[in-house]
1. Would you please put 260-270, 145-155, 374-384 in order of how densely packed they are, using the mean number of other Cβ atoms within 10 angstrom per residue and starting with the highest?
2. Starting from the Cα-Cα distance between residue 80 and residue 392, subtract it from 0.36 nm times their residue separation and give me the gain in nm to one decimal.
3. For an R0 of 30 angstrom, estimate the FRET efficiency from the Cβ-Cβ distance between residue 10 and residue 258 and round to the nearest 0.05.
4. Just order 84-97, 474-487 by mean Cβ neighbour count inside 10 Å, highest at the front, would you?
5. What angle, in degrees between 0 and 90 and rounded to the nearest 10, separates the Cα long axis of helix 448-464 from the longest principal axis of the Cα atoms of the chain?
6. Over the heavy atoms of residue 370, what accessible area does a 1.4 Å probe trace out, to the nearest 10 Å²?
7. Taking the simple approach of a point 7 Å from Cα along Cα-to-Cβ for both residue 62 and residue 30, what is their distance in nm?
8. Taking Cα extents along the principal axes in Å as the quantity of interest, determine which of [x] 97, 86, 59; [y] 97, 57, 54; [z] 95, 65, 61 was computed from the displayed structure.
Amino acid sequence: MEEKKKKITLRIFEAVENFGLLILEKIHLKGLADFYRKHIEGMRYLICGALATAVNIGVYSLFYYPFHVNNGTSNVIAWIVAAIFAYITNRIIVFDSQVNSKKGLAREIISFFGCRLLTLAVDQAIMIFTVDKLGWNGFLMKVLANIIVIILNFIFSKVLIFKKDGNQKESEGVKEKNFFKGNWHYIAISTIYLIINILLVSVTVKGDSYTLQLPTNGLLGLINWIVTIVLGIYGILIIKIAINKKLPLEKIYLMIVIPIGICYCLANPLGRIPDEDQHVRRAMALAQGDFFPQGAEDKTVNGMFNVKLGRLVSGSSYTYDEAWRRIMIEETDKEGLAGYTNQALYSPICHSPQALGIFIAKILGGNLVVQCYAARIFNFGIAVFLIYEAIKLLPFKKNVLMFIAMLPISMNELASMSADALTIASALFYISYILYLRYDKNKEKINKKDIVILSISSIVVAMCKIVYLPLCMLLFIIPKEKYSSKKKKNVITCVIFAASIILNLLWILYATRFFVSFAPGVNGPEQLKFILTNPVRYLLILFRTISLNSQRFILGLCGEGLSMVTANASQLYVISTIMILSVLFVCNDDDELDVELYIKVLSLIIFVGIVFLIYTSLYIQWTPLIDSVIDGVQARYFLPILFLTAIAMKNKEFKFNSKKYLCYILLYILFFNINGITSIVSSHF
């Protein structure tokens with residue numbers, strides 16, 4: 001009898017569904033109807049979810065208004081009724097569950113309502129933190145929370161609750177396999193990672209004593225636990241589903257990087273990234289059409305900005321409470337003079353993503369806070385797009401490039417208003433695109449589109465920072481066979497290379513009008529004269545600086561110095577990352593192509609050359625005259641060229657099937673970033 005009712009319900013829904021699809025086809029929306037049929041399970045889930053939401057609102061309104069039941073009780077009753085409705089519709093219509101035994105039904109019901117309680121807790125946590133604590137718009141945050149909850153509910157329903165049993169799989173021609181038995185190693189390692197991260201955020205060691213930061217001990221413990229558990233479970237499920245479906249690595253990257261990037265964006269208060277206060281002023285000036293800043297008599301560059309901006313993005317050390325107080329400062333039309341001399345040296349290209357975000361936010365009527373976060377989001381979005389394309393096109397070591405792009409220090413920059421985001425992403429894309437043109441067998445000839453992409457990306461990389469100009473030397477590794485003739489190759493390569501140099505020199509000539517010393521005792525012209533007249537002595541200074549700071553730079557690349565260089569990932573992850581990257585850099589997959597020796601040598605020469613330029617530029621610009629150690633060098637400056645070392649170190653003699661262990665590499669990256677995020681959160685309490 002129950003089975004008959006179930007079939008009738010499903011048939012009624014299918015009849016209405018088919019009628020709706022027929023209407024779509026009649027009004028010339030066949031593409032939409034085909035999309036619905038292709039993703040029918042997901043579409044049915046969204047429809048049933050919308051109906052459940054309507055039930056929730058209807059029941060709440062019924063009890064709260066006519067019957068005058070208090071708000072809390074009405075909300076609980078509405079949630080229970082909507083959850084029961086959602087269970088029935090999900091069971092019958094969406095996932096067509098064939099479980100009929102009492103034991104199976106009990107497991108299904110318990111797991112369904114257990115998962116719904118978990119997502120309810122996630123919903124509540126998001127609303128409490130964003131609305132009650134940060135004071136953000138309640139409606140928008142409710143929309144965001146519901147989107148997250150809908151995604152989590154679908155994953156739980158698909159993977160855990162309405163998982164098809166053996167008979168269903170056999171009827172569909174799918175090989176029967178026990179999930180836990182076949183994936184016990186993945187589940188075990190995922191659980192270990194989750195436990196380790198929970199322990200890392202729960203125990204704070206100071207000397208011989210330690211303190212616990214549990215969810216019941218305060219907001220810090222609660223936030224860190226929520227981030228660790230929710231992001232961890234999401235990542236564990238997404239990675240396994242993606243690997244099982246054999247999704248390409250670039251799509252897996254996209255599924256992981258977006259929620260992690262959002263967490264970095266929210267974890268770092270505005271202004272708590274190195275020089276972010278000046279970066280946002282440069283971007284805001286650019287959004288107002290000030291492409292070519294003008295220096296004052298003292299060579300400083302200033303602009304008129306809302307007086308609240310200075311308080312909002314001040315880089316001084318402060319907590320989330322102070323960040324909240326700054327956000328709540330009343331915004332008026334009053335403007336004041338503020339400088340961004342250092343960032344005025346950057347070409348307009350570097351801050352164009354942030355300026356675009358600010359420009360759109362202004363059009364939509366967003367206040368300063370919205371404009372700043374729009375700048376972060378657009379900066380992050382464009383950087384992620386470039387890295388996505390880089391992973392997609394790269395002919396080898398895709399996992400290494402993704403690892404570099406998802407190091408916490410990389411994510412820290414990508415999810416900020418810093419110009420380093422575009423620098424890192426464009427450099428990785430540029431290297432990847434040239435290797436794609438060099439090695440892809442399906443790419444027989446370079447066309448006009450390739451030449452345009454090469455030209456634009458060469459100019460962008462060079463204009464981000466002149467020290468990365470030597471990357472353009474990679475153009476010479478594209479073989480003449482890819483062009484119609486050797487002459488055409490030489491002409492195109494030389495024109496692109498020359499254009500990158502000339503545009504850079506033109507900008508430098510313009511920017512020198514506001515080139516000033518930023519530290520006491522700095523004298524750029526005299527420092528340059530010293531280098532040219534005493535090259536051996538300068539090289540000794542360079543080697544001394546590298547030997548003194550190499551450990552700091554390596555640790556910085558692997559998880560230390562996050563946020564405003566005040567937060568550090570756990571030493572456990574820092575040391576493990578050094579070991580894992582060393583293996584991935586050197587080893588070769590069985591099916592990977594070999595890289596010619598001259599390309600390895602050229603990659604190493606470019607890397608060394610750029611390192612030399614980074615140190616030399618900072619010796620001229622930041623270091624007191626003829627000082628014995630070069631100042632101002634940061635680990636993040638090496639991120640755009642780090643992949644070159646992987647090319648140079650690639651050794652066909654060392655075999656390692658990284659594809660076999662890809663899910664574990666992805667798990668490591670996931671929990672490494674979770675640890676980075678929670679360390680940033682902890683540093684601001």
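1. Order by mean packing, descending: 374-384, 260-270, 145-155.
2. Computed gain between residue 80 and residue 392 is 107.8 nm.
3. 0.30
4. 84-97, 474-487
5. 70
6. Here the accessible area works out near 70 Å².
7. For the pair residue 62/residue 30, the computed spacing is 4.3 nm.
8. Entry [z].
The values are calculated or read from the model by the stated rules, or taken from the named source; none is laboratory data. Quick caveat: nothing in here was measured; it's all calculated off a predicted structure. Note: ideal-geometry Cβ built from the backbone for every residue, glycine included; neighbour counts use all protein chains shown. Calculation scope for accessible area: heavy atoms of the full protein, side chains included, ligands and nucleic acids excluded. Shrake-Rupley method; radii C 1.70, N 1.55, O 1.52, S 1.80 Å.
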